[in-house]
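What follows is a single structure, written as structure tokens, with notes after it.
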Amino acid sequence: MSTVVCIGSLNVDLVFQVDRMPVSGESVTGHGLERHLGGKGLNQALAAARAGSSVALVGAVGNDDGGAWMLRELAAEGVDATGVATVDGPSGTALIEVDATGANRIVVIPGANGAVTEEFAAAQVSRLAPAAVALAPLEVPPAAILGAMRAAKNAGMTTILNPAPVPADGIPTGLLDLCDIVIPNEHEATTITGIDVHDVDSAIAAGRALMAAGAGSAIVTLGSRGAAWVTPDACGHVPTYVVKAIDTVAAGDAFCGNLAAALADGVEWETALRRACAGGALATTVAGASPSLPRLADVNTLIATGEVT
Ligand code: ADP
């Protein structure tokens, strides 16, 4: 039985370096090609698994080498990928170009992620029930997330939405009503609510707006300032930990995965939030997405010994 079901994208991240970005029509020589697991669905599933949960992932890969590789890696990490379909065409792929100054340019090809349908996602979530928590970011078609969250609600799961990236036409109608917890970062909270989120008070105001729009509760992550939260009865702020941040990629994924794992374990709200902050903080101390997702032992050590911001 899975305690956390993640619904979302799986990508092969191809990372390479260039001395400088080419201009249109120009060829430059790159170097240092690396392949990493990526995609917000896969990252969050891995984060929850490393946080100690039994995790299943629902999504799709292509029938290519990258798809087979992702399925092997998920198995090695102990993630149940029986809900990941293999479809014709390429797997989701991100081409990540990093120049000598550390600036990056990213092209994402959704590939198989675009093939996840409402019916498929709903059927897989129902099949994987009972699970305690369903967790979904927004890199697969909105209809698939709606179907998955509806099925999760019907199965009695706690539903968590990480509205990232915010779709160009906004959050799908009816989705927030299906979410027990919505977790945007400050930019996403600003885009969705129209409130300029820049500190704890404005984050709480945005959280209240998300609840007025249908969400059961809200957590707005604030980078090195931790996270603000609002429930029907209370609101507050949880500080994060002082770390030497070198790469903030996947901090939000680590936060969401750790929160889902803790709540699935029955950990109470503020302790779960501290674990989520510690997970997010640790993810900033290692380069890359999946390589930076921490394990529960390291999260617990940071909580026990770390300095809070
Ligand atoms: P995203 O990666 O989605 O933009 P944030 O940047 O808000 O999300 O980071 C998510 C969480 O990770 C924060 O709430 C915080 O707990 C932790 N975090 C992020 N950046 C830092 C940092 N520089 N130092 C400590 N913790 C951080």
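The values are calculated or read from the model by the stated rules, or taken from the named source; none is laboratory data. Note that the structure is a prediction, hence the values are computed from the model and not measured. In this analysis, Cβ positions are derived from the backbone assuming ideal geometry, glycine residues included, and neighbour counts consider all displayed protein chains.
Observations, loosely collected:
- Pairs with Cβ under 8 Å, 6+ apart, first in region 138-157 and under 20 Å from L42 (Cα atoms), second buried (at least 24 other Cβ atoms within 10 Å of the Cβ) and among the charged types (D, E, K, R): L138/K40; E139/K40
- So V12, is it part of a strand (DSSP E or B) and touching a strand residue (DSSP E or B) at 6+ places or on another chain (Cβ under 9 Å): yes
- Residue-level check: of (1) more than 9 Å from the ligand (Cβ to nearest atom); (2) closer than 19 Å to K40 by Cα; (3) modelled with pLDDT of 95 or more; (4) crowded, with 24+ Cβ neighbours inside 10 Å, A264 misses just (2).
Yes or no, residue by residue, for (1) more than 19 Å from A215 (Cα to Cα); (2) surrounded by fewer than 24 Cβ atoms within 10 Å (Cβ to Cβ):
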{"position": "T231", "(1), (2)": "no, yes"}
{"position": "Y241", "(1), (2)": "yes, yes"}
{"position": "A260", "(1), (2)": "no, no"}
{"position": "E268", "(1), (2)": "yes, yes"}
{"position": "C277", "(1), (2)": "yes, no"}
{"position": "G280", "(1), (2)": "yes, no"}
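- Summed over region 216-273, the residues that are without any contact (Cβ under 8 Å) to a residue 40 or more places away in the chain, within 18 Å of the chain's Cα centre (by Cα) and under 19 Å from H198 (Cβ atoms) give a count of 7.
- Residues considered: A260, A245, A215. Of these, the only one that is in contact with a helix residue (DSSP H, G or I) (Cβ under 8 Å, 6 or more places away or on another chain), farther than 17 Å from I303 by Cα and not in a helix (DSSP H, G or I) is A215.
- Residue satisfying all of: in region 99-131; among the polar types (S, T, N, Q) and crowded, with 21+ Cβ neighbours inside 10 Å; farthest from G52 (Cα to Cα) among these: N113
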